[in-house]
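Novice: One structure, pasted below without further comment.
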Amino acid sequence: MKRKFTAIILILSCCQWAYAETTPSTCYGTTKDGRLKNGWQLPSSGKNFEADSSLGVFLGRNYVHSKVHAVVVAAYKMLESSAPGKMFVYGETGLEDGGRFRPHKTHANGLSVDFFVPVVNPAGVSVKLPMGPLNKFGYDIEFDRNAQYEDMTIDFEAMARHLLAIKQAADAHEVGISVIIFDNSFQEMLFASPTGKKLPALMRFSVKKPWVRHDEHYHVDFDVQCADGG
């Protein structure tokens, strides 16, 4: 009887997950003060990307609006051909039901995604930043003014290609991009890259100094029509 009960619970859990991942999301409020219904969890990894933390995935800190989910996944797929051999890492996004997402000031309604900067080692090989509890899973990493951390350097061209892919995927799925938050001094380096030259005309970058530096990651707020009230 106990085994049968356990099996039933597992089946119901699987069915509930499947329902949640196929039902379109609804966002409420703003990225700073909102919530999310039917949030979709981003895949923990793919051919050219992975989450910054398996613990964060386990704790459900990588949920987004279904339309944002489609954009993020489609962009990574595009990068398989537009940026072959490059490794990309996304950071925190939000909770399944949205709401306050400490320590972030936004990420409340499924429309915010953090992406860690792609980096290369001295041989020019795309590698993943070292991430773990001691550096808050990458969020405590500090790059110097030359965009270097230890023996790794920010790959601005790969970052620009990622942002271009996000823009193309967003357009295809009729999703807007509200703002990109990235370290002000590094924006010039990004815009100096071959693909980066195209970006200022395609999307808005914040010129305000962020409350935290945003040098190791770039924050993207997407624009999706949210419901009133709720």
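The values are calculated or read from the model by the stated rules, or taken from the named source; none is laboratory data. Please read all numbers here as calculations on a predicted model, not as lab measurements. In this analysis, Cβ positions are derived from the backbone assuming ideal geometry, glycine residues included, and neighbour counts consider all displayed protein chains. To get the accessible areas, we keep the full protein, side chains included, count just its heavy atoms, and leave off ligands, DNA and RNA. Shrake-Rupley method; radii C 1.70, N 1.55, O 1.52, S 1.80 Å.
Novice: Since residue 80 meets every condition but one in (1) modelled with pLDDT of 95 or more; (2) acidic (Asp, Glu); (3) in a loop (DSSP other than H, G, I, E, B), which condition does it not meet?
Specialist: With (1) modelled with pLDDT of 95 or more; (2) acidic (Asp, Glu); (3) in a loop (DSSP other than H, G, I, E, B) applied to residue 80, the lone miss is (3).
Novice: Another one. Scan (1) over 21 Å from residue 52 (Cα atoms); (2) assigned to a loop (DSSP other than H, G, I, E, B); (3) more than 19 Å from the chain's Cα centre (by Cα) for the single condition residue 203 breaks and write down its number.
Specialist: Only one criterion in (1) over 21 Å from residue 52 (Cα atoms); (2) assigned to a loop (DSSP other than H, G, I, E, B); (3) more than 19 Å from the chain's Cα centre (by Cα) is unmet by residue 203, namely (3).
Novice: Right, here's the next one. If I filter region 59-78 for residues that are under 21 Å from residue 216 (Cα atoms) and among the polar types (S, T, N, Q), do I get at least one hit?
Specialist: Yes, region 59-78 has at least one match.
Novice: Right, another one. So which residues in region 184-211 are surrounded by 14 or more Cβ atoms within 10 Å (Cβ to Cβ) and modelled with pLDDT under 95, if there are any at all?
Specialist: 184, 206, 210
Novice: Sticking with this structure for a sec: Which residue, of 123, 74, is modelled with pLDDT of 95 or more, among the hydrophobic types (A, V, I, L, M, F, W, C) and assigned to a loop (DSSP other than H, G, I, E, B)?
Specialist: Every option except 123 fails the conditions.
Novice: Among the residues of region 48-61, is there at least one that is at pLDDT 95 or above, assigned to a strand (DSSP E or B), touching a Ser or Thr at 6+ places or on another chain (Cβ under 8 Å) and under 25 Å from residue 170 (Cβ atoms)?
Specialist: Taking every residue of region 48-61 in turn, at least one turns out to be at pLDDT 95 or above, assigned to a strand (DSSP E or B), touching a Ser or Thr at 6+ places or on another chain (Cβ under 8 Å) and under 25 Å from residue 170 (Cβ atoms).
Novice: Tell me yes or no: at least one residue of region 38-61 is farther than 19 Å from residue 129 by Cα, out of contact with any helix residue (DSSP H, G or I) (no Cβ under 9 Å at 6 or more places or on another chain) and surrounded by 18 or more Cβ atoms within 10 Å (Cβ to Cβ).
Specialist: No, that holds for no residue.
Novice: Could you check how many residues of region 156-177 are closer than 17 Å to residue 217 by Cβ and open to solvent by 20 Å² or more (accessible area, probe 1.4 Å)?
Specialist: So the answer is 3.
Novice: Now, a different point. What is the residue count in region 117-140 for residues that are under 25 Å from residue 32 (Cβ atoms) and either over 16 Å from the mean Cα position of the chain (by Cα) or open to solvent by 10 Å² or more (accessible area, probe 1.4 Å) (or both)?
Specialist: Selection size over region 117-140: 4.
Novice: Same structure again: Suppose we filter region 102-119 for residues that are touching a residue at least 24 places away in the same chain (Cβ under 8 Å) and more than 21 Å from residue 73 (Cβ to Cβ); how many remain?
Specialist: Residues in region 102-119 being touching a residue at least 24 places away in the same chain (Cβ under 8 Å) and more than 21 Å from residue 73 (Cβ to Cβ): 4 in total.
Novice: Need pairs with beta-carbon distance below 8 Å; first residue open to solvent by 30 Å² or more (accessible area, probe 1.4 Å) and within region 24-37, second among the aromatic types (Phe, Trp, Tyr); sequence gap 6+ or separate chains.
Specialist: 35/28; 37/28
Novice: Can you tell me which condition residue 114 does not meet? The list is (1) at pLDDT 95 or above; (2) open to solvent by 10 Å² or more (accessible area, probe 1.4 Å); (3) within 19 Å of the chain's Cα centre (by Cα); (4) of a type in the set (Asp, Glu), and all the others hold.
Specialist: Tallying (1) at pLDDT 95 or above; (2) open to solvent by 10 Å² or more (accessible area, probe 1.4 Å); (3) within 19 Å of the chain's Cα centre (by Cα); (4) of a type in the set (Asp, Glu), residue 114 fails exactly one: (2).
Novice: Restricting to region 144-155, give me the number of residues that are more than 27 Å from residue 73 (Cβ to Cβ) and either at pLDDT below 95 or open to solvent by 10 Å² or more (accessible area, probe 1.4 Å) (or both).
Specialist: Residues in region 144-155 being more than 27 Å from residue 73 (Cβ to Cβ) and either at pLDDT below 95 or open to solvent by 10 Å² or more (accessible area, probe 1.4 Å) (or both): 8 in total.
Novice: Here's something else I'd like to know. Limited to region 72-111, what total is found for residues that are small (Gly, Ala, Ser), on the phi > 0 side of the Ramachandran plot and surrounded by 21 or more Cβ atoms within 10 Å (Cβ to Cβ)?
Specialist: Of the residues in that region, 3 qualify.
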